[in-house]
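Here's the structure, in structure tokens; my notes come after.
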Amino acid sequence: MIQQSDVQSRLRLFRYGLIVVVIVTFMVSLLAPVASLRNTGLGTPPITDFLGTAVLFTIVVAVLCVVAYIAYSYFLTKKMPFGGS
């Protein structure tokens, strides 16, 4: 069995990693379309044109990260609601 302090440190590290994933998702989904359209010769669209899509992708990834965090927390504390021991 993992000690309680080790469980808390693993959860903290996992939580910080998930926060980084959400931030990177927002930045990539906001800046990638601008970067890909920059050299097309059609002109560079304003960055705010892609803000709605970036927010939508970020919300979806954030929800998935919350689900992953809860599942990992249950796994570490051995309180699996779906038949784990």
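The values are calculated or read from the model by the stated rules, or taken from the named source; none is laboratory data. Bear in mind that the values here come from a model prediction, so they are computed numbers and not experimental data. Don't worry about glycine lacking a Cβ; one is built from the backbone with ideal geometry, like all the others, and counts go over all protein chains shown.
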query: Restricting the search to segment 39-64, which residues are more than 29 Å from I19 (Cβ to Cβ) and of a type in the set (S, T, Y)?
result: T40, T44
field: Criterion violated by V67 - all others in (1) surrounded by 11 or more Cβ atoms within 10 Å (Cβ to Cβ); (2) under 15 Å from the mean Cα position of the chain (by Cα) satisfied
entry: (1)
query: Just for segment 1-22: of the residues that are over 25 Å from L56 (Cα atoms) and among the small types (G, A, S), which one is surrounded by the most Cβ atoms within 10 Å (Cβ to Cβ)?
result: S9
message: Among the listed residues T25, T77, identify the single one that is modelled with pLDDT under 95, surrounded by 11 or more Cβ atoms within 10 Å (Cβ to Cβ), within 30 Å of D6 (Cα to Cα) and of a type in the set (V, I, T).
response: T77
message: Being under 13 Å from F14 (Cα atoms) and among the hydrophobic types (A, V, I, L, M, F, W, C): is that true of L51 here?
response: no
- request: Determine if segment 51-68 includes at least one residue that is at positive phi and either at pLDDT below 90 or outside any loop (DSSP other than H, G, I, E, B) (or both).
  value: no
